[in-house]
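In what follows, a single structure is set out as structure tokens and then discussed.
The numbers here are math on the coordinates, done by the rules we state, and not lab data. Fair warning: this is a prediction, and the values are worked out from it, not measured in the lab. Here the Cβ is made from the backbone with ideal geometry for all residues, glycine too, and neighbour counts use every protein chain on show.
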Amino acid sequence: MSRALQRQLLAVSLGTLMVPALAVAREKPDWNLQEAPAAKVAPKTTTQTSAPAPVKAEDPVLLEADAIEQGDEAGVLIAKGNVTARNNGRTVRADQINYNQNTGIVKAFGHVTVVNADGSTTFADELTLDDELSSGVAGNFASKFADGSTLAANAVITREGDRKLMSQAVYTACPICKDGKTKPSWIIRARRAMQNERTESIVYNDVVFEVKGVPVLYIPYFAHGDPSAGRRSGLLQPKPGESSRNGYFIEQPYLQVIDASSDITITPIISQYINPVLQLDYRRKFYSGGLFLNGSVTKEKFFGKRGEKFGESDWRGHIFGNGEFKINDTWNWGFTAESASDDLYLFRYRIGQENLQAGLVRPQASRLMSQLYVQGQSDRFYVRSLSAVFQDLVPGERRKNVPRVAPLVEGTYRWLIGPMNGRLDVSGSAVSLMRTEGRLDSLRGNIGATWRGTQLLPGGLVLEPMAMVRGDYFDYSTGSNTGAVSTIPLKADSFGRGLGLASVDLRWPFIRPGNRFNLTLEPRMSLSVASKDDQQSRLGL
């Protein structure tokens, strides 16, 4: 009989065979688990029933194998050869599966793999469950969760289907090297552990933390969320460090999950030389966008490079925030908020500005910027508008010259028009800059149009004509310039100008492809004519 004809399908009442199962590991994890002797595993459970388990019509298990036969013992079905069983999104693969219809006991042998609906995977040499498929015993258990983390133990007892009691347990979230030569960066090793699927937690007793195979910390009790449970409240990984200003310090974040779309991280920072700092991070997702807020607060004096303190003790802190929200498929709006209590606060407390990448524009690293903006974009146009204020972290005259932008508006629209694959871009912009202490206030606006064409001529010549017209308007005013670097008196003024430009560009590119690079030689000739700008000298103001 051909192998294809030997394949058989059978729906049997294995009930919850696909529940996360106890297992005997096919291969031990790549780190050493041999400190404690493996627990002896009962060959089978002793639960008996007086009658065969009733067949349930709902949720049958689909059993596929090279051959399915009746065993020597009455009521035992044996599936052999590339056995696959599927139910409710879960899959079990093994070389052989035995199902006792009288006792309900299910056994899987040889290269057993259990893939649960959440993606977690258990590997085993042998799997045995009782008549309710909720209790059993296994040895050398190992399970890989959907996030890549691994949990293993020398012996496991499953009770009530949702609690696994483990002896000599090991857990790591690091990837396991297939060659077995490299140990995980860190592991948790415990004398006892319990995985509770109902509370979605894993609890350890007599815990040793190892880094690169070296024990570094012992604690009698430790717990964390089940990797399959998703986001949960709890302590995050601490961040120790050392600096000349702060001495030794440690950051201990705590994540508090508020709901499915928001959370807050509370991080106390304890340092050797300075008072503690409390840092908060708030995140929230909306259907149309997201919001992020970050801040810190402390009460401390100023301090220098070696932790020496001076001045008065005062409340100090910072706040960063950004959000962006979708209006429709074309338009969105957003904001950024950035402020610090003093110039060197961020530097002294090692608060990075890596989160300050949101917004339409970014200032220099020595400035903070708060902005409110709206922008729209399609395949033909782009428009943006924003208002902004700055905080200069460098004292002196430069700080006095920092403007407020209220507002800036820019827009461009493109048409495909004219000969030679012509493109016409019409653009305009306007910006108002306001300063204090007698500095220059200004208003600028412009509108222009640019047409470009591209034509490929015989012989590979490329002809690109261009024509541009633009009109600008400037208005500036100021009071006294006392205290500024320049002593030149300024007065209110306004003027406009018009500009025009036409050019023809002729290129003849030669390209020689190579194995490592391409060589391009391009003789080029350009002819341009432009109007005279009589107002250029006035722009220096």
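Quick notes on this structure:
- The mean of 1/r over all distinct Cα pairs in the range 234-395, once inverted, gives the Kirkwood hydrodynamic radius of 17.7 Å.
- Order of LEU165, LEU127, LEU456 - criterion: other Cβ atoms within 10 Å of each residue's Cβ, fewest first: LEU456, LEU165, LEU127
- Amide H to amide H distances under 5 Å link GLU251 with LYS239, where only residues 5 or more positions off or on other chains count and H is placed in the peptide plane.
- Take every Cα pair under 8 Å whose residues are at least 6 apart in sequence, average their separation, divide by the length of the range 403-541, and the relative contact order is 17 percent.
- This ranking places SER537, SER143, SER167 by how few other beta-carbon atoms lie within 10 Å of each, fewest first, which gives SER537, SER167, SER143.
- As a ratio to 2.2 N^0.38 Å, the alpha-carbon radius of gyration for the range 403-541 is 1.53.
- Relative contact order for the range 207-349, counting Cα pairs under 8 Å that sit 6 or more residues apart, in percent: 13 percent
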